[in-house]
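First comes the structure, then the notes that go with it.
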Amino acid sequence: MADPATLDETCKAEMTLWAFCRACGHASLFDPQFLRGKVKDGDERLSAVAAQFKCSRCSRADVRLIPTPRTMVSFEKMGTARP
Ligand SMILES: [Zn+2]
């Protein structure tokens with residue numbers, strides 16, 4: 001199966017998301033269901049969704065979302081670039 005391309009597909013595939021900041025290298029894991037509640041359209045591509053968020057460490061909006069299998073980690077909250 002191909003990697004999920006949207007939040008809805010990531011939820012359906014029961015995967016989680018690495019949010020990786022290209023500016024400072026900060027990486028966090030996020031629950032796609034949590035992010036789904038933050039955006040208007042779950043069918044938007046992950047790259048478009050990532051553009052709506054900013055890094056919680058350096059506040060730059062240069063974030064990539066990378067689908068990955070679920071692991072035993074706790075999720076943290078992510079700041080939004082748009083209020
Ligand atoms: Zn950063």
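The values are calculated or read from the model by the stated rules, or taken from the named source; none is laboratory data. Because the structure is predicted, anything quoted here is derived from the model rather than measured. Cβ atoms come from the backbone with ideal geometry, glycine included; neighbour counts cover every protein chain shown.
Quick notes on this one:
- Selection within segment 17-49 - among the polar types (S, T, N, Q) and either within 16 Å of the ligand (Cβ to nearest atom) or modelled with pLDDT under 90 (or both): Ser28
- Checking the stated criteria, Ala19 turns out to be surrounded by 14 or more Cβ atoms within 10 Å (Cβ to Cβ), in contact with a Phe, Trp or Tyr (Cβ under 9 Å, 6 or more places away or on another chain) and not in a loop (DSSP other than H, G, I, E, B).
- When restricted to residues that are hydrophobic (A, V, I, L, M, F, W, C) and part of a strand (DSSP E or B), segment 22-56 contains 4.
- Residues of segment 32-65 satisfying the condition of being under 19 Å from Ala2 (Cα atoms) and surrounded by fewer than 16 Cβ atoms within 10 Å (Cβ to Cβ): Asp43, Arg45, Ser47, Ala48, Arg64
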